[in-house]
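Here is the structure we will look at, set down as structure tokens.
The values are calculated or read from the model by the stated rules, or taken from the named source; none is laboratory data. None of the values given here were measured: they were computed from a predicted structure. Cβ sites come from the backbone with ideal geometry, for glycine too, and all protein chains shown count toward neighbours. Only protein heavy atoms, including side chains, enter the accessible area calculation; ligands, DNA and RNA are left aside. Shrake-Rupley method; radii C 1.70, N 1.55, O 1.52, S 1.80 Å.
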Amino acid sequence: MTLSVLGGLVLLGGCGALVAVTVSRAPKPRTLPLTEAPQDKAPGKDAPSEEPAVEEGNPAADVKVTKCVVDSLTTWPAADVEIVNHGDSKATYVVNVEFVDGSGTRLGEGLAATDSLAVGQKAKEQAQGLVKVPGKVTCRVSKVTRYPTN
């Protein structure tokens, strides 16, 4: 169990370093705060998804939460996100997800990222929280950053 958790942390650290290197080399990003907040009915169930009200061409329109769960063993939250590149060139995406409780209090956050996503291509990624949560949470995309890549 301990080795699994440590292995997961090492993997997340490596992903964070990869994102940091990618971000440091990328051109200026286009970002947009987002207020999408699908409600989770019960831990382990798929969260309903509502499309955010954003204008076409914004990176936020390319991302939606497809699942919001709390792991029964670790009690860490996780959000599955779907990213579809609706832009006009290949792009790298960084998605910030907040985990909030029923009263709207932010409990933690996670990141999901994908590199060199072709126009029209879809990617399914997971934003993993690393904080224990007491029960049910809502997963909310707080920011989407899209970097053009060659």
### Task
Say whether the condition of being crowded, with 16+ Cβ neighbours inside 10 Å and at pLDDT 95 or above is met by at least one residue in the stretch 38-45.
no
### Query
Of all the residues that make up the stretch 90-117, how many are hydroxyl-bearing (Ser, Thr, Tyr) and in contact with a Ser or Thr (Cβ under 6 Å, 6 or more places away or on another chain)?
3
### Query
Could you count how many residues in the stretch 97-107 are at negative phi and surrounded by fewer than 20 Cβ atoms within 10 Å (Cβ to Cβ)?
7
### Message
Being open to solvent by 40 Å² or more (accessible area, probe 1.4 Å) and within 17 Å of ALA60 (Cβ to Cβ) is the filter here; which residues of the stretch 120-131 pass it?
### Response
LYS122, GLU125
### Selected residue [without any contact (Cβ under 8 Å) to a residue 40 or more places away in the chain, small (Gly, Ala, Ser) and open to solvent by less than 30 Å² (accessible area, probe 1.4 Å)] from ALA91, ALA79, ALA112
ALA112
